[in-house]
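Colleague: This is the structure I have questions about; it appears just below.
Where a number appears in this text, it was derived from the coordinates with a stated rule and is not lab data. Everything quoted here is computed from the prediction, not taken from an experiment. So basically every Cβ, Gly included, is an ideal-geometry build from the backbone, and we count neighbours across all protein chains shown.
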């Protein structure tokens with residue numbers, strides 16, 4: 001084990017000791033109480049199974065016959081979630097073959113960040129994670145289940161399902177993904193057309209034609225953003241069946257993996273010799289494994305929020321310092337768009353998660369001695385699923401990269417350090433994704449241009465006012481201000497200015513997309529401007545220095561002078577419409593970004 005990986009893990013254990021002990025005590029009390037339906041009265045029991053077919057009703061009368069919950073984020077607005085429509089029928093049949101029953105316990109909402117980017121609905125996106133967690137708890141609180149399957153893929157959905165499942169940590173829980181869509185046009189071509197549109201050189205019709213050739217069918221968007229980072233993390237934590245992440249939907253292999261999930265859930269239920277509850281899989285070691293995977297693959301910055309909230313749900317306290325320290329020793333071994341030119345299908349073909357797991361374990365950068373839903377030990381996840389005459393089997397994955405432009409071994413990485421860094425200084429604490437930023441852009445010192453919303457920056461770009469070196473400060477974008485929307489629509493405009501040869505960076509208390517790329521961006525700045533943060537005191541012309549290699553975010557104004565200035569006030573904006581009025585309590589109660597920007601837990 002690498003000494004830094006071991007040290008970070010140990011300090012998480014020590015920091016979390018009291019909270020984790022309390023969590024495990026609650027889990028044990030629920031486990032000791034036994035399967036929920038054994039405690040149901042006759043009337044409760046009849047309500048719970050009234051709609052089951054007759055044969056399943058008879059099976060449910062046997063208290064030893066397991067019942068598996070299905071919690072699904074299905075809708076056909078999200079291409080990634082559209083395939084989930086077929087999964088319950090597959091799961092129910094497979095459960096029946098295993099001597100069990102399965103019930104669709106409940107649905108959770110799932111919104112598409114790709115649809116809501118730059119729109120008012122994006123202000124609900126981050127908080128939808130906490131709504132999903134609560135909806136998951138509602139689904140499972142019927143207390144009639146021996147295990148649970150979580151069907152969800154995209155940005156806030158997997159973290160939300162995870163947080164909700166953690167409240168039922170005595171149950172075995174398996175996450176069942178749907179897989180990526182097949183590849184469309186090249187990512188380079190997609191980015192080229194977007195840049196031309198930002199410069200006014202192609203029409204909206206041409207842009208739409210390009211986008212539709214990229215996002216063209218069922219499955220997860222194929223760039224390596226938050227959705228695909230989710231799938232990577234579920235493998236690293238051990239909550240998927242091995243190799244499930246990146247098998248395309250509506251294929252025999254995908255269907256076989258879906259059918260295998262309830263059968264495995266039955267095998268690891270309470271009372272079996274292989275009992276493996278959620279609380280046993282998710283511990284300090286498995287979360288460190290998730291961070292290692294995130295860093296090694298250049299994954300989404302959104303997980304500097306989500307993983308902290310997910311850990312808190314299981315009694316574990318992660319910090320941005322943990323990410324930063326692990327990033328210093330975890331090399332970047334994958335380049336997947338936007339960090340490279342190829343998509344997740346090419347990543348899978350080059351060796352995929354089996355290669356990544358093997359490399360991290362061999363280098364001592366991930367913990368092997370963990371519990372997983374597939375059995376003890378993370379080595380199981382260096383295998384890949386195959387169909388052998390229709391039977392699902394697992395074989396060892398490739399030990400060598402099949403495309404070194406996409407995947408490399410730890411001893412010959414793309415970068416010696418991981419793709420995320422912590423920034424600190426008079427403006428607050430922030431994180432930056434460095435894996436897609438060219439080395440010459442990792443340090444930027446330039447005058448600030450201050451904007452109070454993203455549309456103001458885009459308007460300045462359209463007026464030609466950004467043709468110079470500058471640091472764009474986009475404030476009042478934090479969780480308390482407006483729900484912390486992603487600001488991905490700024491990437492093409494700022495990228496154009498970089499391509500023109502200007503020194504450009506972004507500093508914001510908002511989020512960038514998991515697909516954020518070449519623009520150096522200090523994001524999640526905390527404290528946020530709406531909560532007394534220093535960003536509220538920045539003025540046009542203040543010189544700001546973003547120094548990613550040294551972890552510095554500073555302003556060339558003495559701290560005393562900066563904070564003596566009158567704080568800017570958030571401009572008039574609507575908190576109503578598009579459902580935003582229903583989320584006011586979440587804006588008021590949201591925690592800081594470095595605590596997960598969560599509404600569900602008390603501050604650490």
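Colleague: Sort 319, 372, 398 so the one with the fewest other Cβ atoms within 10 Å of its own Cβ comes first. Working shown, then result.
Modeller: Numbers: 319 19, 372 24, 398 15.
In order of increasing Cβ crowding within 10 Å: 398, 319, 372.
Colleague: Once you have the alpha carbon radius of gyration of segment 182-268, what is it after dividing by 2.2 N^0.38 Å, with N set to its residue count? Let's see the in-between values first.
Modeller: On the way: Rg = 17.7 Å, N = 87, 2.2 N^0.38 = 12.0 Å.
Taking the Cα Rg and dividing by 2.2 N^0.38 Å, one obtains 1.47.
Colleague: Under a plain spin-label model, where a point goes 7 Å from the Cα along Cα-to-Cβ, how far apart in nm are residue 412 and residue 440?
Modeller: Spacing of the two 7 Å Cα→Cβ label points: 2.7 nm.
Colleague: Right, something else. Whole Å is fine, so just give me how far the alpha carbon centre of segment 333-355 lies from that of segment 64-78.
Modeller: For segment 333-355 versus segment 64-78, the Cα centre distance is 29 Å.
Colleague: If you don't mind, another one. Quick one: what Rg and Dmax do you get for segment 36-76 from the alpha carbons, in Å?
Modeller: 12.1, 38
Colleague: Enter the angle in degrees (range 0 to 90, nearest 10) between the Cα long axis of helix 204-214 and the first principal axis of the Cα atoms of the chain, meaning the one along which they spread out most.
Modeller: The angle comes out at about 40 degrees.
Colleague: While we're looking at this one, here's another question. Of 344, 258, 437, how do they rank once you tally other Cβ atoms within 10 Å and put the fewest first? Mind showing how you got there, number by number?
Modeller: Values: 344 30, 258 27, 437 22.
Going from sparsest to densest Cβ surroundings: 437, 258, 344.
Colleague: If you split all Cα-Cα distances of segment 483-534 into 10 Å bins from zero, what percentages do you get per bin, shortest first?
Modeller: Going from the shortest bin to the longest, the percentages are 25, 49, 23, 3.
Colleague: Please work out the FRET efficiency for the pair residue 89 and residue 568, using the Cβ-Cβ distance as r and a Förster radius of 51 Å; give the result to the nearest 0.05.
Modeller: Numbers: r = 55 Å, r/R0 = 1.08.
The formula returns an efficiency of 0.40 here.
Colleague: With 5 Å bins from zero, work out the P(r) of segment 493-604 over every alpha carbon pair and list the percent per bin.
Modeller: 2, 9, 15, 19, 20, 17, 12, 6, 1, 0
Colleague: Over the chain, what is the relative contact order in percent, taking alpha-carbon pairs closer than 8 angstrom and at least six residues apart? Don't jump to the answer; show the numbers that get you there.
Modeller: Working: 1352 pairs, mean separation 87.2, N = 604.
After rounding, I find 14 percent.
Colleague: If you don't mind, there's one more thing I want to ask. Divide by every residue of the chain the summed helix terms, -39500 (n - 2.57) for each DSSP H run of at least 4, and state the resulting mean residue ellipticity at 222 nm, rounded to the nearest 500 deg cm²/dmol.
Modeller: Numbers: 23 runs with 226 residues, N = 604.
Counting only the DSSP helices, I get -11000 deg cm²/dmol.
Colleague: Cβ neighbours within 10 Å, averaged per peptide: list 222-229, 530-537 in order, most packed at the top. List each step's numbers first, then the result.
Modeller: Values: 222-229: 27.2, 530-537: 21.4.
The densest-packed peptide leads the list: 222-229, 530-537.
Colleague: Using only Cα atoms, tell me the angle between helix 157-166 and the longest principal axis of the chain; keep it within 0 to 90° and round to the nearest 10.
Modeller: Compared with the principal axis, the helix lies near 50 degrees.
Colleague: So for the pair residue 46, residue 275, with labels modelled 7 Å out along Cα→Cβ, what separation do we get in nm?
Modeller: Using points 7 Å along Cα→Cβ, the separation is 3.2 nm.
Colleague: Among the DSSP beta bridges whose two residues both lie in the chain, what percent are antiparallel, rounded to the nearest 5?
Modeller: Values: 25 of 53 bridges.
Given both bridge residues lie in the chain, the antiparallel proportion sits at roughly 45 percent.
Colleague: Using 0.36 nm per residue, how much length does the chain from residue 388 to residue 76 gain when fully extended, once their Cα-Cα distance is taken away? If you can, show how the numbers build up before the last one.
Modeller: Details: separation 312, 0.36 × 312 = 112.32 nm, distance 3.18 nm.
Stretched out fully, the residue 388 to residue 76 stretch lengthens by 109.1 nm.
Colleague: Using the basic label-point model (7 angstrom from Cα toward the beta carbon), what is the residue 4 to residue 188 distance in nanometres?
Modeller: 3.2
Colleague: When 1/r is averaged over all different Cα pairs and the result inverted, which Kirkwood radius in Å belongs to the chain?
Modeller: Details: mean 1/r = 0.0408 Å⁻¹.
With all distinct Cα pairs of the chain included, I get 24.5 Å.
Colleague: While we're looking at this one, here's another question. Be a star and scan segment 571-593 for residues whose amide nitrogen sits under 12 Å from the point 7 Å along the Cα-to-Cβ vector of residue 540.
Modeller: From segment 571-593, the list is empty.
Colleague: While we're here: D for segment 336-455, whole µm²/s, Stokes-Einstein with Kirkwood Rh over alpha-carbon pairs at 4 °C and 1.567 mPa s: what number?
Modeller: Here the translational diffusion coefficient equals 74 µm²/s.
Colleague: What FRET efficiency comes out for the pair residue 26/residue 141, r = Cβ-Cβ distance, R0 = 22 Å, nearest 0.05?
Modeller: After rounding to 0.05, the efficiency reads 0.95.
Colleague: Could you put 134, 233 in order, starting from the residue whose Cβ has the fewest other Cβ atoms within 10 Å?
Modeller: Details: 134 16, 233 30.
Ordered by Cβ neighbours within 10 Å, fewest first: 134, 233.
Colleague: Quick check: Cα centre of segment 356-411 to Cα centre of segment 547-604, how many Å?
Modeller: Taking the Cα centre of each part, segment 356-411 and segment 547-604 sit 40 Å apart.
Colleague: Something else about it: Specify the angular offset, from 0 to 90 degrees and rounded to the nearest 10, of the alpha carbon long axis of helix 352-362 from the longest principal axis of the alpha carbons in the chain.
Modeller: Taking Cα atoms only, the helix is inclined about 90 degrees.
Colleague: Here's a follow-up. Based on the Cα coordinates of segment 136-228, what is the per residue volume of their convex hull in Å³? If you can, show how the numbers build up before the last one.
Modeller: On the way: hull volume 10.7 nm³, N = 93.
Normalising the Cα hull of segment 136-228 by residue number yields 115 Å³.
Colleague: Additional query: Between residue 199 and residue 556, what FRET efficiency comes out of the Förster formula 1/(1 + (r/R0)^6) with R0 = 25 Å and r the beta carbon distance, rounded to 0.05? The partial results should precede the final answer.
Modeller: Working: r = 32 Å, r/R0 = 1.26.
For residue 556 and residue 199, the calculated efficiency is 0.20.
Colleague: Whole number please: convex hull volume per residue of the Cα set in segment 104-162, in Å³?
Modeller: Working: hull volume 4.2 nm³, N = 59.
Taking only Cα atoms, segment 104-162 has a hull volume of 71 Å³ per residue.
Colleague: Oh, and also: Report the residues of segment 541-559 in range of a label on residue 502: point 7 Å along Cα→C-beta, backbone N strictly under 18 Å from it.
Modeller: Under cut-off, by backbone N: 541-546.
Colleague: Given N residues in segment 420-573, what is Rg(Cα) / (2.2 N^0.38 Å)?
Modeller: Details: Rg = 13.9 Å, N = 154, 2.2 N^0.38 = 14.9 Å.
In units of the 2.2 N^0.38 Å rule of thumb, it is 0.93.
Colleague: While we're here: Quick one: check the C-alpha center-to-center distance for segment 157-203 versus segment 427-503, whole angstrom.
Modeller: Cα centroid to Cα centroid, the span is 23 Å.
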